[in-house]
1. Of everything in the stretch 171-187 that's part of a helix (DSSP H, G or I) and free of Cβ contacts under 8 Å to residues at least 12 places away in the same chain, which residue is nearest to residue 92 (Cα to Cα)?
2. With respect to residue 458, determine if the residue is free of Cβ contacts under 8 Å to residues at least 24 places away in the same chain, surrounded by 16 or more Cβ atoms within 10 Å (Cβ to Cβ) and closer than 23 Å to residue 574 by Cβ.
3. Only residues in the stretch 371-384 that are more than 19 Å from residue 253 (Cβ to Cβ) count as the first member; pair them with residues that are surrounded by fewer than 13 Cβ atoms within 10 Å (Cβ to Cβ) and at pLDDT 55 or above, Cβ under 9 angstrom, at least 6 apart or cross-chain, and list the lot.
4. Take the residues in the stretch 3-55 that are in a loop (DSSP other than H, G, I, E, B) and in contact (Cβ under 8 Å) with a residue 40 or more places away in the chain, then tell me which one is nearest to residue 174 (Cα to Cα).
5. Hey, can you tell me all the residues within the stretch 443-457 that are touching a strand residue (DSSP E or B) at 6+ places or on another chain (Cβ under 6 Å) and not in a helix (DSSP H, G or I)?
6. Which number in (1) within 27 Å of the chain's Cα centre (by Cα); (2) under 22 Å from residue 152 (Cβ atoms); (3) modelled with pLDDT under 90 marks the one condition that residue 445 misses?
7. Restricting to the stretch 555-613, give me the number of residues that are closer than 30 Å to residue 339 by Cβ and in contact (Cβ under 8 Å) with a residue 12 or more places away in the chain.
8. Across the stretch 528-537, what is the number of residues that are assigned to a loop (DSSP other than H, G, I, E, B) and over 21 Å from residue 554 (Cβ atoms)?
């Protein structure tokens, strides 16, 4: 069946076509029940991620802990007043009721170890009862002098203090999501109560669990605000472009049907909705408009020339069916290349958008023409200045200045490409959330005033069961911790050797000379046993020492750490260990470390994905355009826009993270669309209408230039909405996509036509 025959079929059987299209939508709707949400931030990592595997090994050795961290900031800037200490003590006691909690640490329940004659006493630093000035002064002296809690539970000046809740999350992802909601519901109720009872103390909430919930909350916020706004943008742009409210409604309807179909397909695929995939409907809204604009605008052009509505629809399908199919295929290939992403959410986003784009194509060539045939249509007999006269002037400019445009364009391209050298792979996962979210403000306060949210964790082997009591091992462990304390950004190191040294001091009448590693393994073992037997349940060292006592856990807290800084710290640690303690062969782990490596891994994996997309799209274009030179040449104006966008990003921002890695491959499939439509009209002018290269160029500009401008503006407008997302991963992706699409339109108007005419002139010379 030819495109014309297909158009005749649709127009003749418009009601049947509409019914079939709607039945397909019903099938997709049934798949919506398969959708689910998962707020766990570990969904960003593939199961074979080496850093994730290292973390899972560490968690199996000790425990899988997450946390909620509360910062108390008294307005009088004195943590050690009776009122603040009472508030910390009360809050500590209440927070033991937190669902899934395994431990609560604060300055008040810190296990203060000291000697009393021949006895060693271990007790809460601030016990129950009236808090006298003497108790407060003692708490201040001990807390600010104790490396175990200084810069972790209290800052060095005693201005703010923290309460850390260890959480053991369920391993099942769905159960973990439910647990997160339950935990934060409890914490927020306590937060509200605290504000009423202790109005002179500000309370900030951060930590892993609140950050995890933020991934879900940002998704819900984007869905509730950005989706309607995007639909409004599409409606306005389509209405202005097509000069008809009915056409705008049809465009919006096709976009909605495509989005519903995509989400249903995602349900059938078992996709779990998260902060990345939640914006797939928004992006599909943006992409769907292009098909509609080309089909409707061609129909209206035909009707303007005096052709009947039905014949105009048939002609529009004849002219547009192939290019719309090609653009759908190339766009789908671009999205499917995200399969190679190292981050599962981006892979799933690619699958969803590839499926959604094909569903949008079906609706555009099935439901849309059927509705156009059913509904009445009136068109202005006169084309607007922009859609005709301006395009004619632009085409004339390009034809006259073609010899100048190529070298000037080349200079601009080279300049922008040089900006890529300014780009560095860096990211800070705790800043993924915009400051409009409370979690971001509270996390920033925590890092500015107390401790870092980013941590590097090590499981340090002792070589044998019970080996952690070996004085040599403990001395080396202490040496490793002290080296880390000298590194930039490191504000705290949690290590068991500090506890051993404190116990040794207490066992020797609090003599400062004994604040060191014991000389015998037996003594160290006795001290640890005494400590474990003396501390209350939940405050032991089980999370820091493995069962066989053959390894210990060391946690390095880093303030305001970027991905590059974390990678650098761990790399330096590996070098230092190799030179000083080679038997401590261990690698850094933790969520922060995995995120630190993710952007780098994602870019490396997407290089292959982009290459595969390029190869497949090249083959599609060569086959569709039935010309090897033109097919290959068509890629030229589409290879540069993404690179130019990266170059401009390098000049303006200089930093790329996890989301940016997929932009090149994703936008390659999108920006090819304009080139395909322009080339299809150019080749029609050359082959069907027997026009010269210059006249064919003019024909392409006047027939499709306006539609390309509209669709590009719609894409930019839609991505502009997404750029306002509070989730930086999405906003960065949107911003770079906007820039790429803008460069692509410029390239298609100012670079491609001179290239085509130069190729034609070269062919003519060869033929002569």
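The values are calculated or read from the model by the stated rules, or taken from the named source; none is laboratory data. All values derive from a computational prediction rather than experimental measurement. Quick reminder, even Gly has a Cβ in these numbers, built from the backbone with ideal geometry, and neighbours come from all protein chains shown.
1. Taking the stretch 171-187 and keeping what is part of a helix (DSSP H, G or I), we get 173-187.
From what's left, free of Cβ contacts under 8 Å to residues at least 12 places away in the same chain: 175, 178, 185.
On the way: 175: 26, 178: 24, 185: 17 Å.
Checking each candidate, the answer is 185.
2. Details: free of Cβ contacts under 8 Å to residues at least 24 places away in the same chain: no; surrounded by 16 or more Cβ atoms within 10 Å (Cβ to Cβ): yes; closer than 23 Å to residue 574 by Cβ: yes.
In short, no.
3. 383/389
4. Within the stretch 3-55, the first condition is being in a loop (DSSP other than H, G, I, E, B), and the residues that meet it are 13, 35, 38-40, 45-49.
Among the residues that remain, those that are also in contact (Cβ under 8 Å) with a residue 40 or more places away in the chain are: 35, 38-40, 45-46, 49.
Details: 35: 12, 38: 6, 39: 9, 40: 9, 45: 17, 46: 17, 49: 21 Å.
So the residue we want is 38.
5. Within the stretch 443-457, the first condition is being touching a strand residue (DSSP E or B) at 6+ places or on another chain (Cβ under 6 Å), and the residues that meet it are 443, 445-446, 450-452, 454-457.
Those that are touching a strand residue (DSSP E or B) at 6+ places or on another chain (Cβ under 6 Å) and not in a helix (DSSP H, G or I): 450, 451, 452, 454, 455, 456, 457.
6. Going through the list (1) within 27 Å of the chain's Cα centre (by Cα); (2) under 22 Å from residue 152 (Cβ atoms); (3) modelled with pLDDT under 90, residue 445 breaks only (3).
7. Result for the stretch 555-613: 31.
8. Taking the stretch 528-537 and keeping what is assigned to a loop (DSSP other than H, G, I, E, B), we get 535-537.
Narrowing further to those that are over 21 Å from residue 554 (Cβ atoms): 536-537.
Qualifying residue count for the region: 2.
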